[in-house]
Amino acid sequence: MGYPFQSVLFLLDAERAHRLAITSLKLWGAIGTPFASIMDASHPVEIAGLVFPNPIGLAAGLDKDAEAVAGLFGLGFGSVEVGTLTPRPQPGNRRPRLFRLVEDEAVINRMGFNNGGIDSALARVAALPKRRGVLGINVGANKDSDDRVGDYALGVAKAAPLADYITINVSSPNTPGLRDLQSRPALDELLAAADAARKGEKRTPLFLKIAPDLDRAGIEGAIRAAIDNHVDALIVSNTTISRPPLQSTHAAETGGLSGAPLRELARAKLIEAREASGGALPLISAGGIDSPDEARRRIDAGARLVQIYSALVYKGAGLPRRIVRGLNARG
Ligand SMILES: Cc1cc2nc3c(=O)[nH]c(=O)nc-3n(C[C@H](O)[C@H](O)[C@H](O)COP(=O)(O)O)c2cc1C
């Protein structure tokens, strides 16, 4: 699963490469479970009563349908976030919709919440052998839904018994109008419904994931709404619709940009979120993290955990373990 495997993946178009990676991880999960002890749990982090064995998590979107969870934990992640899952299955946007920007170490995607629906993913989660790390379930609304708040509430109610935490994703740029849910009063209504939906014998922690394209006032509003509605942590951030200077021929593709060109923005938004929250909300940083140094910078800037996705494409499947080891070496 290191560099040679990657060169094979780079011969394929991005979405086929993604499919092959998921299939391989599935197999790796099936045969790799005996290696449970390789999970590095020397620097646990606690958020909302959950103990994350290490601070490196897989960001949502790689394993949307929870097909390869065991294999992903086998790569050394302390947490794996599956989804985004919607109440009903949906095909997503027309292909091509996933682009590697190799010269920029970036990805642009306009997948559009392609997923098999929350029920089939939850059935796979329920059938998992004992988990080694923390499992997050990221929920969203169907594109053609006429009750988006209802979709989120349903997702939370269904995921709550099985998830270690649930992420409310209102920050994907690929479902028209979705990101409008990030501003108040829409966000208050949505989070109140999500908070109510998780009430049961187990109060599953609720995380909110925001876009890096929110300005300072937008971040402040989202944080206020999150705190008022008992959200347990904020993930900063999803992909950006902005376009910093890029070299690749795919630079003009529509969609969310992630990877190295998102790094500065994601770091800046983390700092804004830290200032705006004054420590009242645990922060999780995502966006362009590709090394132990960058993970350390985010932690020093106020993140309790970090999540990665795009760097796996360029730095290989050994990256989570390298980051965990690198962080440990720095103490
Ligand atoms: C192909 C692709 C699909 C994604 N799908 C989702 C998704 O379904 N839900 C979500 O919350 N974030 C999704 N993301 C965003 C990532 O979880 C992450 O927030 C973002 O890519 C920034 O991190 P990175 O620079 O390490 O990739 C997706 C990202 C990529 C590249």
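Determine if region 152-174 includes at least one residue that is assigned to a helix (DSSP H, G or I), of a type outside the set (A, V, I, L, M) and at pLDDT below 95. No; the residues of region 152-174 include none that is assigned to a helix (DSSP H, G or I), of a type outside the set (A, V, I, L, M) and at pLDDT below 95. Any residue in region 15-33 that is at pLDDT 80 or above sitting within a Cβ distance under 6 Å of a residue that is among the hydrophobic types (A, V, I, L, M, F, W, C) and within 12 Å of the ligand (Cβ to nearest atom)? List the pairs, counting only those 6 or more apart or interchain. Within 6 Å, the pairs are 15/98.
Return the only residue of 195, 215 being over 15 Å from the mean Cα position of the chain (by Cα) and loosely packed, with under 15 Cβ neighbours inside 10 Å. Walk me through how you get there before you give the answer.
Values: 195 fails: loosely packed, with under 15 Cβ neighbours inside 10 Å.
On inspection, the qualifying residue turns out to be 215.
Each row is one residue, and each column tells you yes or no for (1) over 27 Å from residue 101 (Cβ atoms); (2) not small (Gly, Ala, Ser).
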{"position": "258", "(1), (2)": "no, no"}
{"position": "265", "(1), (2)": "no, yes"}
{"position": "274", "(1), (2)": "yes, yes"}
{"position": "277", "(1), (2)": "yes, no"}
{"position": "280", "(1), (2)": "yes, no"}
{"position": "296", "(1), (2)": "no, yes"}
{"position": "303", "(1), (2)": "no, no"}
{"position": "306", "(1), (2)": "no, yes"}
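Applying the set (1) outside any loop (DSSP other than H, G, I, E, B); (2) at pLDDT below 95; (3) not charged (D, E, K, R) to residue 194 leaves exactly one unmet item: (2).
The C-beta contact set for region 201-223 (first residue more than 11 Å from residue 168 (Cβ to Cβ), second residue modelled with pLDDT of 95 or more and among the charged types (D, E, K, R), distance under 8 angstrom, 6+ apart or interchain) comprises 204/164; 205/164; 205/232; 212/269; 214/269; 216/272; 219/269; 219/272. When region 278-320 is filtered for residues that are on the phi > 0 side of the Ramachandran plot and either within 10 Å of the ligand (Cβ to nearest atom) or of a type in the set (A, V, I, L, M, F, W, C) (or both), the ones remaining, listed by number, are 287, 288. Restricting the search to strands (runs of 3 or more DSSP E) fully inside region 26-135 and requiring at least 2 residues that are open to solvent by 10 Å² or more (accessible area, probe 1.4 Å) and away from the ligand (no atom under 16 Å from the Cβ) gives 45-47, 50-52.
The values are calculated or read from the model by the stated rules, or taken from the named source; none is laboratory data. In this text the structure is predicted, and so the values were computed from the model without any measurement. Cβ sites come from the backbone with ideal geometry, for glycine too, and all protein chains shown count toward neighbours. Ligands, DNA and RNA are stripped out before the accessible areas are found, and what is left, the full protein with its side chains, is counted by its heavy atoms. Shrake-Rupley method; radii C 1.70, N 1.55, O 1.52, S 1.80 Å.
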